[in-house]
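Each remark here refers to the structure printed beneath this line.
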Amino acid sequence: MTKPTAAEREKFEPWNDPTARPLVEFRNVTKNFGSFTAVDDLSLSIYEREFFALLGPSGCGKTTLMRMVAGFCEPSEGEVWLAGENITHMPPYQRPVNMMFQSYALFPHMNIEQNIAFGLKQEKMAKSEIADRVGEMLTLTKMQDFAKRKPDQLSGGQKQRAALARSLAKQPKVLLLDEPLGALDRKLREETQFELMDLQERLGITFMIVTHDQEEAMTVADRIAVMEQGKLIQIASPRDIYEHPGNRYVADFVGDINFIEGIAQSTNDELIKIETADGLIVECNSAASIDKNQQVWFAARPEKLTVSRENPVVTGSNAVEGEVWDIAYLGDMSCYNIRTDAGKILKVTQLNHSRTSDAPITWEERVWVSWTNDAGMVLTS
Amino acid sequence: MSGDVANKTNDGFLRRNLIGKATIWLPYIWLLLFFLAPFIIVFKISFSEIVVAMPPYRPIFDIGDGITQLWQSFRKFSFENYIFLTEDSLYWKAYLSSLKIALFSTALTLLIGYPLAYGIAKSPRNIRFILLMLVVLPFWTSFLIRVYAWIGILKKEGLFNQLLLSIGAIDTPLTLLNTNIAVYIGIVYSYLPFMVLPLYAALEKQDETLLEAAEDLGCTRLKAFWTITFPLSYPGIIAGCFLVFIPAVGEFVIPYLLGGADTLMIGKLLWTEFFANRDWPVSSAVAVILLLILVLPIMYFQQSQARAQEAAK
Ligand SMILES: Nc1ncnc2c1ncn2[C@@H]1O[C@H](COP(=O)(O)OP(=O)(O)OP(=O)(O)O)[C@@H](O)[C@H]1O
Ligand SMILES: [Mg+2]
């Protein structure tokens, strides 16, 4: 229950360790509902002590995938393994995993204490031991003062904690969280995200979380799996998902991004030169192997672009002139939509470093958008 | 002009207010007219003496007598009818027997109604309505006719015996009609919808994820039913049992038509006192006691229920 040191945290990448045994494993799992395929031939490994997030648009099969770990849903094809055991057909009540439901699913006729004790009672644990464990869970989730309350006498945040306490009480091998923070307001959500991370580190339990809030996934997770229509598109650390998305779908789904479509001109020295239909030259450092004359997309996050009144670039590439189309002032930063002369909208964000600016860039001004060779990436699909 | 508009909105407001008040008071007015008023009349008759006249009792007082006469009339109050009820063991035996029959048939109705309601609540949404309609369907024919139909089924040469004979389950026909068994069958059959509907309402609104949560925490399906579904359906069980038990205690038609000579039920006795013996005062007293037997426990139950809810807070 000790916090890992910074060095340990840095090293925690069991998915890159060929000797590591996965804790949860999906082996070519398919789930059909009638003629509809919710999960499509999906393979996935989740490791011990990992905080794993499933991210994807509504209806992509996240909940279905999670319910297959819990046992509420049997795969149509393929196998689910847990800690070296095939659990594909094991009933839910025998699985050493617990789930925290999106609706919390607290038993309304029991108080919080009884709710937490429920799972322990099923194990035929001794009374005194149950009381100890319940007390421990109440302290862990800071719910000591609410032990005797019924669920309908709690606020949304308190219910969330109670549900968390109940699902942690049996010390499961894996804790499944289906949009656990969906019903909380923004501030409470952010607080709870950090508490969840803290809990996960202290207890050393593997967490598998479903969310469609990408910021949440980036905050809490060691690895994120991006799903679409029952398929895994990419699994990577939050940083890699953001900075090195595997394709345009992931790049677009996680965060904002600008795409510039063009044809690869030269690909020497890990520098790719792209020319667009309207003559813009983009140079980009990239290790990707790209053929000459291949159709590619240059992708750059808004914060990697700069907006200025003069063209700061000498070489003639990586800069485009346009007109300020829209400005959104968000407090910590400003968000510009620049309409290039070719009619394309580029998103640029800039931090508001100083509180006062003499002449801020304003609507309909002519400006340049520019970027460095490192600002973006080249995607082929 | 503007005053006119103001008047109109004011009118509308008043009317809405009145309608609002009326809807609140309507149930009370209803109960007052059709429950309390008849009860007061019965209550009054129960304190009077029997006479050979029309109506067959000596009124204790008339509204027309005025206040001065009222005291006089109070002195005429006689508890004789109530005393008579305690003296004749037939009455308390009938009360006890009615309570026993009602209790057993309520338990039987619950036993049959619960799986029925559960099955309907768990069935696919699109056929749920049809199943519910089937439960209510018997209401479309007269209660009397349905009870008569049971005579046809249960009598010696009736459908049921013929069926058993034809499949060789029995050699001689069973005597079912005019026994307590027939009364139980009649009550369970007649009151089943009153049990099923509140149970269905309680079961249908239950959150399916609660059962999943229970299973997730290590409960088998069966145990999850007993620890989650069943306790959460208590309100439905209580409502259903009251709806069956209360009318069953005072039931007259079913024991009269299906029961035997030894089927002792207070409803039957009341009927005899009222129509055969034309003893209105005694039968009124029987009715008043019956009401007390039912109302007092219910009131006590409600209070303990409210207290339990308070304690939970
Ligand atoms: N029991 C079911 N019967 C039929 N179709 C189902 C069933 N459960 C899920 N589906 C379908 O499978 C698909 C995936 O559902 P799932 O609940 O896994 O989505 P999700 O990714 O969790 O979405 P959300 O973010 O909205 O919760 C959906 O299109 C859904 O309609
Ligand atoms: Mg979902």
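The values are calculated or read from the model by the stated rules, or taken from the named source; none is laboratory data. Because the structure is predicted, anything quoted here is derived from the model rather than measured. Quick reminder, even Gly has a Cβ in these numbers, built from the backbone with ideal geometry, and neighbours come from all protein chains shown.
When the stretch A:98-122 is examined, which residues are found to be more than 8 Å from every other protein chain (Cβ to nearest Cβ) and part of a strand (DSSP E or B)?
A:MET100
State whether the residues of the stretch B:222-231 include one that is in contact with a strand residue (DSSP E or B) (Cβ under 8 Å, 6 or more places away or on another chain), part of a helix (DSSP H, G or I), within 14 Å of chain A (Cβ to nearest Cβ) and buried (at least 20 other Cβ atoms within 10 Å of the Cβ). Walk me through it before giving the result.
First, the residues of the stretch B:222-231 that are in contact with a strand residue (DSSP E or B) (Cβ under 8 Å, 6 or more places away or on another chain): none.
Checked the stretch B:222-231: no residue is in contact with a strand residue (DSSP E or B) (Cβ under 8 Å, 6 or more places away or on another chain), part of a helix (DSSP H, G or I), within 14 Å of chain A (Cβ to nearest Cβ) and buried (at least 20 other Cβ atoms within 10 Å of the Cβ).
With touching a helix residue (DSSP H, G or I) at 6+ places or on another chain (Cβ under 8 Å), modelled with pLDDT under 75 and under 30 Å from B:ILE83 (Cα atoms) as the only criterion, which of B:ILE45, B:ILE50, B:ILE60 stands out?
Numbers: B:ILE45 fails: modelled with pLDDT under 75; B:ILE50 fails: modelled with pLDDT under 75.
Criteria check complete, one pass: B:ILE60.
Could you pull out every one of the strands (runs of 3 or more DSSP E) wholly within the stretch A:237-305 that has 1 or more residues that are within 17 Å of A:SER381 (Cα to Cα) and touching a helix residue (DSSP H, G or I) at 6+ places or on another chain (Cβ under 7 Å)?
Numbers: elements: A:258-266, A:271-275, A:281-285, A:295-300.
Result: A:258-266, A:295-300.
Suppose we filter the stretch A:123-156 for residues that are surrounded by 14 or more Cβ atoms within 10 Å (Cβ to Cβ) and outside any helix (DSSP H, G or I); how many remain?
7
Every residue in the stretch A:83-97 that is touching a residue at least 60 places away in the same chain (Cβ under 8 Å) and either away from chain B (no Cβ under 14 Å) or buried (at least 21 other Cβ atoms within 10 Å of the Cβ) (or both), please.
A:ALA83, A:GLY84, A:VAL97
Taking only the stretch A:51-82 into account, find how many residues are more than 14 Å from chain B (Cβ to nearest Cβ), under 17 Å from A:LYS173 (Cα atoms) and in contact with a helix residue (DSSP H, G or I) (Cβ under 7 Å, 6 or more places away or on another chain).
The qualifying residues number 3.
Which pairs turn up if I take residues in the stretch A:196-213 that are within 14 Å of chain B (Cβ to nearest Cβ) and look for partners that are part of a helix (DSSP H, G or I) and within 13 Å of ligand 2 (Cβ to nearest atom) with beta carbon separation below 7 Å, at least 6 apart in sequence or on another chain?
A:MET208/A:MET66
Looking at the stretch B:150-165, which of its residues are surrounded by fewer than 14 Cβ atoms within 10 Å (Cβ to Cβ) and either in contact (Cβ under 8 Å) with a residue 24 or more places away in the chain or not in a loop (DSSP other than H, G, I, E, B) (or both)?
Within the stretch B:150-165, the first condition is being surrounded by fewer than 14 Cβ atoms within 10 Å (Cβ to Cβ), and the residues that meet it are B:152, B:156-157, B:159, B:162-163.
Within the stretch B:150-165, B:GLY152, B:LEU159, B:GLN162, B:LEU163 meet the criteria.
Take the residues in the stretch A:210-236 that are assigned to a loop (DSSP other than H, G, I, E, B) and at pLDDT 90 or above, then tell me which one is farthest from A:GLU48 (Cα to Cα).
If we take residues in the stretch A:210-236 being assigned to a loop (DSSP other than H, G, I, E, B) and at pLDDT 90 or above, then A:GLN229 is farthest from A:GLU48 (Cα to Cα).
Pick out the one residue from B:LEU144, B:LEU116 that is touching a residue at least 40 places away in the same chain (Cβ under 8 Å), part of a helix (DSSP H, G or I) and loosely packed, with under 11 Cβ neighbours inside 10 Å.
B:LEU144
Looking only at the stretch B:264-292, count how many residues are among the β-branched types (Val, Ile, Thr) and surrounded by 20 or more Cβ atoms within 10 Å (Cβ to Cβ).
So the answer is 3.
Of all residues in the stretch B:82-129 being over 23 Å from B:LEU192 (Cα atoms) and of a type in the set (D, E, K, R), which is nearest to the chain's Cα centre (by Cα)?
B:LYS93
Do we have any residue at all in the stretch B:185-202 that's assigned to a helix (DSSP H, G or I) and within 14 Å of chain A (Cβ to nearest Cβ)?
Taking the stretch B:185-202 as the starting set, the residues that turn out to be assigned to a helix (DSSP H, G or I) are B:185-202.
Checking the rest, the ones that are also within 14 Å of chain A (Cβ to nearest Cβ) come to B:202.
Yes, the conditions are met somewhere in the stretch B:185-202.
Quick one: in the stretch A:179-219, which of the residues that are surrounded by fewer than 21 Cβ atoms within 10 Å (Cβ to Cβ), among the acidic types (Asp, Glu) and within 16 Å of ligand 2 (Cβ to nearest atom) is nearest to A:ALA70 (Cα to Cα)?
Within the stretch A:179-219, the match that is nearest to A:ALA70 (Cα to Cα) is A:GLU179.
Looking at (1) at pLDDT 95 or above; (2) within 25 Å of B:GLY259 (Cα to Cα), which is the one condition that is false for B:SER142?
(1)
For residues that are away from ligand 2 (no atom under 16 Å from the Cβ) and in contact with a Ser or Thr (Cβ under 8 Å, 6 or more places away or on another chain), tally how many sit in the stretch A:53-80.
Result for the stretch A:53-80: 7.
Which count do you get for residues in the stretch A:93-117 that are over 12 Å from A:ALA165 (Cα atoms), away from ligand 2 (no atom under 16 Å from the Cβ) and touching a strand residue (DSSP E or B) at 6+ places or on another chain (Cβ under 8 Å)?
Here the count works out to 3.
A quick yes/no check of all residues on (1) in a helix (DSSP H, G or I); (2) within 16 Å of ligand 1 (Cβ to nearest atom); (3) among the hydrophobic types (A, V, I, L, M, F, W, C); (4) within 14 Å of another protein chain (Cβ to nearest Cβ):
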site	(1), (2), (3), (4)
A:GLN158	yes, no, no, no
A:ALA165	yes, no, yes, yes
A:PRO172	no, no, no, yes
A:PRO180	no, yes, no, yes
